[in-house]
Every structure is written in structure tokens, then in C-alpha cells.
Amino acid sequence: MQDPPQSYHPPPGTHYRVAQHRKRSKKLSYVTVTDPSSPTSLELKLDFAKFPGLPRKLSVRNRITSFSTATPPVPPESLYEVSSLSVLDESSFPNATILFDLAYSDQMSTAEAQSLSNQITLSVSSNARSAFPFFVQFSSVPFPVPSTPLFTALSKQAWDKWPATSHLSSEAPWADPPPPFSTPDYIYLTSDSPNTLDSITPSSVLIIGGLVDHTDKPGYSMSRASLFPGLKTARLPIEVAAKLKSRQPGDDRVGVDVTTLSVVQLLLLFRETGDWPEAISRCPAMHSAPLRKYVKWLPPYEHFNDEGGGGARPGAGFSLVAKSFAPAPPPAPPPEDPERAAALAAVTANGDLLMTSCSDYKADREIVLAAVKSSVDALLWVDSNLREDREVLLTACAANGRALRYTSGLRGDKEIALVAVKEDGDALQFCSGLRGDRDVVTAAVTQTGWSLQYASEELRGDVDIVRAAVATDEGSIRCASKAIQEDPSVLI
């Protein structure tokens, strides 16, 4: 007898946010959502045949208002097999806005305009990947758009096709009458403001001056903001975690101009964490050229002062999770040390946190086993010796068959391959030398019919193998040999 449906609703005023959507077949998907009432994530198993009205690809801009399951979540992964679901698009909700003020386009050289275009593109990309994205607007956009260096550079980036963005012709939207049923709280961000940005609300409209100053232009954004009496100004309190050196000798201002990209990343991280020091220490742009050489980190982040070159593109490492730039953990403690116990508990809940652990923890078998059970991607950060360890890989494949893609030396191990394909038939694509093994291929197509496409040519013409695949998914006959496709009666 089936258990009665169980309904799950987020706390009032909040919603489950879609963090990741992974397709397992044409109809079946796994969706990771963030639970607003706890730091954990939930895994939802969706059969799209039951939800014909759903978008075929859920994104971070979708919010789940409620869902029901016919059975309790399956341990240990806490996988919810969803029987009913309510999804809304983020545009249905009030949300904070980032407004790029492009009124400075005539004050920049061609090189500066190109730099700003690149930074805006990376900013919009970072925002789209965030679990807490802003609405994005651009002001001072004339129609028709002129052929100035800035607008020409943005046009080459196809900015008019960017999703969830809007262009405003007004040169000062904050001075225009507010739209109906809305009271936007405009705040012009400038490093010369005496005020600091302490909070972000759904009505906040954070204005970023679109200005790149290769020849330092201090005070420009503050001067523009002062033209509008009553317009609030604020600066980001970077001084709580780092001291920035100005490019101008003798400039001892508390607030020093930072790049447009770093401002957006800082806002996204602050919105996620609610903590400025953590947001600043995790901001990729603060650790990348050109800003890195002007940053002097303060305690407890002074170890960042020793980080070397690596001039990676500053938008490339942006993530919601504290990864590359999390504070360095302490040296490996003895087994009874409470800090090791805390690390073990952390990776048990979220294996991806192994990335921020010290090298000793990445070589600690117990911690590694707990991490790979929680997240297959934890294998990326595991010590190279343990990544090729049979026990570790067997544990990872039992949780997610696609863990095979992270090994090179054990892909031909039949025992590991069987564990992997029984969890996820598509793992057959990573089973080097075993795609012609009848046992492995049978187990794979029994789990996922379409994995027949990865079998050897001989087994794709094997009646028993194809029959097993078709029993799982009728459409998989298209992966069978040409002879069977031309005469499917042999399967009867």
C-alpha cells in the first residue's frame, strides 16, 4: 500500500530555489533545490511525463512554492520522488535590482569602453549563475543606440538578447515618477559616500556607475549622484576585510574605486551570506588581476597577501559556494580534535566543501568517503592516490555512477563498472574496455535503456540485450543495430 502524500512548503515569504537541473533521460530529471529553512539542499526526482506544463529545463530563475511526495525521501541521499509540484518564475516576485548607469560613455577611451563592456558581460553572467540573482537594468540607453565605443562593444556581446535584463532610455530613472504599485529604493553606489551599504531589500535598486578609469577619475560617481537631491548614496565596506591602495599617490580615502565586476560579485555574495567580511574574502575579482595588486588583506585573511600570480579571468571562478578563496583551514588535527569532527560533519552534509579543506583532509580516508557519498564532484578535490583507490571509487559509484569519469586507472574494473551502471546506466560511456561485456551492458540497459548507445556494435545487435533495453525504454530501439531496427519483430 502506497504511503499517503506528504506536502512540503517553505517558510512563509520564502521559496525553494532551483540550484541545479540534471537530465537523466528524456523524461526523468534530478533537480537540486536550496531549502530556505536550513543550509542543506534537497534532491527532487521529477518525471516530466507527470508534469506536462513544466519548462523542460528549470533554472535558478524558477522558484518552487511547494511539492508533494508519495513516499518519504530515500536515504541516504534524501531523494524526494515528486508527485505534485508548484513552480513559478522569479519575475512573479519582487526582487532587488542592479542598475548600470551608462551616462559616462563619453568620458571613456575606446580601450576603457571595451573593458567596461567585458566587465558588464561577466557581471551579467555571474548574476545569472547566482542562487540569488538580481534584476538587471541599464539606464541612459538612447534609441536608436548610437555607435559610440561603449555601445558598439556591448552590441558585439549581443547585450540586447541577454535574458532578464532591460534597457531604459531615461538618463536618471531615480528622478522619474515611480511605477504604479512600486516604491523602489534607489541607492547610488560610490566609494566616496560616507554611508555604507548594510542591507539589501526586495525594493533596493543599486545603481552602479558604468565607468572604467584607467586614468583614475575620483569623485565622478559621487558628483553625478549629488546632482539629484534626496538620492541615497552608499559604499561597500571593503575596509572590514581588506585595505585598498589607490593608484593616485597620497590618496588616503577609506573608499577606493573598485572594478564594476567586483562590485557585482560582492553584492551577489553579500546577498547570499549576509556577511561583508565573508563576501569580500570570497570575491574572485578581489583575488584576480588587475585588482589583486592593490589589495592588502587584514586579519583573519592576511594569508591571502601571499597568494601568487595566476592572472585568471576574474569572472571565471565565481561561485555561490566558498571555494577557491575560503579562509585556509588549520593544519590537520589529531582524530579526536573537534575541528576534524566539524570538517567530517561538513562534508557529510555537502561533499563539495572538501574543496575548501586542507590537503591533509583531502587525503583522510574517512573524510573522503563521507564527501564522495554526499557529492560525486568531491572526487575532483580528493588526493590523487585516493582518487584511484577501489574502496573510494566503489563508494562514489554507489552514490552516483558517473563518478567513473573522475578515474583513469579503474574504468576497466568490472566490479566497479557493475556498481556504477546499476546506479546510472549512462555510466557505461565511461567503462573503457567493458562496453562489450555482456554482464555490464545488461545491467546498464536494465537501468537506463538509452545507455544501449554506448554498448559495442556487437551487443547493439544482440537480441537479448536490445530486448532488455526496450523493456526499460521503448525509444532505445533507435540505438540498436541497423538489422534489428529494420526487423524489430525479432524482439517479440
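A few comments on the model shown:
Here's the yes/no breakdown for (1) modelled with pLDDT of 85 or more; (2) in the same structural domain as Leu122 (by TED's automatic domain parsing); (3) small (Gly, Ala, Ser):
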position	(1), (2), (3)
Pro146	no, yes, no
Lys161	no, yes, no
Ala172	yes, yes, yes
Asn195	yes, yes, no
Ser199	yes, yes, yes
Pro202	no, yes, no
Pro218	no, yes, no
Lys243	yes, yes, no
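- Checked against (1) within 27 Å of Thr121 (Cβ to Cβ); (2) at pLDDT 85 or above; (3) of a type outside the set (Lys, Arg), Glu307 meets all criteria but (2).
- The listed residue being over 17 Å from Leu354 (Cβ atoms), buried (at least 23 other Cβ atoms within 10 Å of the Cβ) and of a type outside the set (Asp, Glu), out of Leu393, Leu404: Leu404
- Condition check for Asp213: in the same structural domain as Ser123 (by TED's automatic domain parsing), surrounded by 14 or more Cβ atoms within 10 Å (Cβ to Cβ), of a type in the set (Asp, Glu) and at pLDDT below 80: yes
- Check on Val470, free of Cβ contacts under 8 Å to residues at least 24 places away in the same chain and assigned to a helix (DSSP H, G or I): yes
- Residue that is nearest to Leu244 (Cα to Cα), among those in region 258-286 that are free of Cβ contacts under 8 Å to residues at least 60 places away in the same chain and of a type in the set (Val, Ile, Thr): Ile280
- Taking the criterion of being in contact with a strand residue (DSSP E or B) (Cβ under 8 Å, 6 or more places away or on another chain), closer than 14 Å to Asp101 by Cβ and surrounded by 14 or more Cβ atoms within 10 Å (Cβ to Cβ), the residues of region 147-172 that qualify are His167, Leu168, Glu171, Ala172.
- Among the candidates Leu369, Leu434, Leu418, the residue that is modelled with pLDDT of 85 or more and not assigned by TED's automatic domain parsing to the domain that holds Glu457 is uniquely Leu369.
- All told, Leu353 meets the bar of being surrounded by 21 or more Cβ atoms within 10 Å (Cβ to Cβ), of a type in the set (A, V, I, L, M) and over 28 Å from Leu418 (Cβ atoms).
- The set of residues from region 192-207 being within 21 Å of Gln137 (Cα to Cα) and either basic (Lys, Arg) or touching a residue at least 40 places away in the same chain (Cβ under 8 Å) (or both) comprises Leu197, Ile200, Thr201, Pro202, Ser203, Ser204, Val205, Leu206, Ile207.
- Some residue of region 439-453 being in contact (Cβ under 8 Å) with a residue 24 or more places away in the chain, more than 23 Å from Gly412 (Cβ to Cβ), crowded, with 20+ Cβ neighbours inside 10 Å and not hydrophobic (A, V, I, L, M, F, W, C): yes
- Some residue of region 120-133 being modelled with pLDDT under 85, more than 26 Å from Gly230 (Cα to Cα), in contact with a strand residue (DSSP E or B) (Cβ under 7 Å, 6 or more places away or on another chain) and in a loop (DSSP other than H, G, I, E, B): yes
- Of the helices (runs of 4 or more DSSP H) entirely within region 350-421, none holds at least 3 residues that are polar (S, T, N, Q), more than 23 Å from Thr448 (Cβ to Cβ) and under 20 Å from the mean Cα position of the chain (by Cα).
The values are calculated or read from the model by the stated rules, or taken from the named source; none is laboratory data. Please read all numbers here as calculations on a predicted model, not as lab measurements. Cβ sites come from the backbone with ideal geometry, for glycine too, and all protein chains shown count toward neighbours.
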